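Written below as structure tokens is the structure these notes are about.
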Amino acid sequence: MTKNKIGFLIIASAIIWAAIIISCALILKDTPYKGKINYILICGLITHLLFVWTPLGNQYRNKEK
């Protein structure tokens with residue numbers, strides 16, 4: 001994996017989690033709905049796994065071959 005791709009994945013991870021935290025803060029600002037917060041966090045987790053850790057796992061697997 002190139003340094004540029006690793007850096008991009010790290011930045012993508014930070015952007016995704018920043019968006020999740022901001023979304024949670026906006027929802028909690030006026031309402032205490034736990035279900036909405038859980039939905040945002042779960043979607044963020046799935047997105048993070050798919051777009052950040054899956055490519056890193058594939059790269060690791062290819063490196064082992």
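Computed from the coordinates by the stated procedures, all read-outs in this text should not be read as laboratory data. All values derive from a computational prediction rather than experimental measurement. Counting neighbours? That spans all protein chains shown, and the Cβs are built from the backbone with ideal geometry, glycine included.
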Seminar exercise, completed: With +1 on the Cβ of every Lys and Arg and -1 on the Cβ of every Asp and Glu, the dipole magnitude of the chain about its Cα centre, in debye rounded to the nearest 20, is 220
Problem set entry | the chain - Rg over Rh from alpha carbon coordinates, Kirkwood radius | 1.14
Exercise. Counting only complete DSSP H runs, which helices of the chain cover 18 Å or more along their long axis at the Cα atoms and score a mean Kyte-Doolittle of 0.5 or above?
Worked result: 3-30, 34-48
